[in-house]
Amino acid sequence: MKITELLSPRKIAIIGASADRRRAGNIILRNLKEYYDVYPVNPLRDEIEGLKCYRSINEIEDEIDWAIVSLSAEKSMDAMKSCVEKGVKLAIIIAGGFGEVGKKKEQEELKKIAGDKCRIMGPNTVGMLLPHNNLNTLFIPGIKFLDGNIAFLAQSGSIGVILMEEMAKEGLGLSLFAGLGNRIDVNENEFLDFLEKDEKTEVISLYLESFSDAWKFFRKCREISAKKPVILLKAGNNKKSSRAI
């Protein structure tokens with residue numbers, strides 16, 4: 001299933017939901033619970049933020065569109081297996097500790113588990129934001145953003161958040177923000193397919209450290225730029241910056 005078909009979820013499970021309001025699994029839950037059917041998953045809790053808590057995603061009777069996995073890298077593996085068993089369409093894997101720290105074998109194993117049954121965003125991602133749909137899976141508390149017409153794709157979550165808040169200071173709003181993370185599945189090229197046709201997006205901006213498929217990326221940008229501007233900030237263009245990322 002293409003990402004263009006996945007951006008209107010209704011039922012979202014949070015695997016690793018937490019009662020601690022400082023933790024990602026609680027921040028994301030509170031971001032979403034007023035607007036979506038949210039299902040906290042935590043075997044140690046009966047209830048979180050007034051919502052029934054499930055011991056596993058497979059205990060949820062309803063079909064689940066998205067699962068946000070707020071667990072360690074090791075535990076994310078088992079969570080991914082559960083997502084596949086449940087028939088989840090998209091899993092957003094927050095944890096780092098995969099390819100970005102040299103653990104490419106674990107990253108490939110995560111991708112193998114998902115196969116063609118479940119799409120993956122991440123791992124090592126800050127999540128996704130669609131302000132006009134009140135869809136905010138970012139785990140950064142108090143982040144400032146505005147609704148608007150600029151889409152922003154960022155391979156680095158920290159850089160993405162900094163630039164997002166700077167945009168808000170300048171009165172620039174977002175139609176979509178996506179932290180791409182390690183891009184073991186969903187990548188910038190798929191988002192470009194969606195953003196090309198998205199009526200809410202008038203400008204596309206990207207921060208990338210590398211390309212999933214450079215030839216496809218630049219071909220797509222040429223097509224889109226005839227309709228709307230595409231702005232790319234590419235890191236790693238010299239030896240020092242390349243080593244830093």
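The values are calculated or read from the model by the stated rules, or taken from the named source; none is laboratory data. Being a predicted model, the structure only gives us computed values, none of them experimental. For neighbour counting, all protein chains shown are included, and Cβ atoms are generated from backbone atoms with ideal geometry for every residue, glycine included.
Before moving on, here are some points about what is shown:
- Residue that is over 24 Å from residue 67 (Cβ atoms) and assigned by TED's automatic domain parsing to the domain that holds residue 71, where the choices are 171, 102: 102
- Those residues of region 90-144 which are on the phi > 0 side of the Ramachandran plot, over 10 Å from the mean Cα position of the chain (by Cα) and of a type outside the set (S, T, N, Q), in sequence order: 97, 102, 115, 142
- Selected residue (criterion: farthest from residue 231 (Cα to Cα)) from residues of region 191-204 that are out of contact with any helix residue (DSSP H, G or I) (no Cβ under 8 Å at 6 or more places or on another chain) and surrounded by 14 or more Cβ atoms within 10 Å (Cβ to Cβ): 198
- Residue check, residue 87 more than 15 Å from the chain's Cα centre (by Cα), touching a residue at least 60 places away in the same chain (Cβ under 8 Å) and closer than 30 Å to residue 194 by Cα: no
- Restricting the search to strands (runs of 3 or more DSSP E) fully inside region 79-170 and requiring at least 3 residues that are surrounded by 18 or more Cβ atoms within 10 Å (Cβ to Cβ), aliphatic (A, V, I, L, M) and in contact with a helix residue (DSSP H, G or I) (Cβ under 6 Å, 6 or more places away or on another chain) gives 147-154.
- Test: residue in region 134-143 that is touching a Phe, Trp or Tyr at 6+ places or on another chain (Cβ under 8 Å) and free of Cβ contacts under 8 Å to residues at least 40 places away in the same chain: no
- Of all the listed residues (43, 9), the sole one being at pLDDT 95 or above, over 21 Å from the mean Cα position of the chain (by Cα) and either part of a loop (DSSP other than H, G, I, E, B) or exposed (fewer than 12 other Cβ atoms within 10 Å of the Cβ) (or both) is 43.
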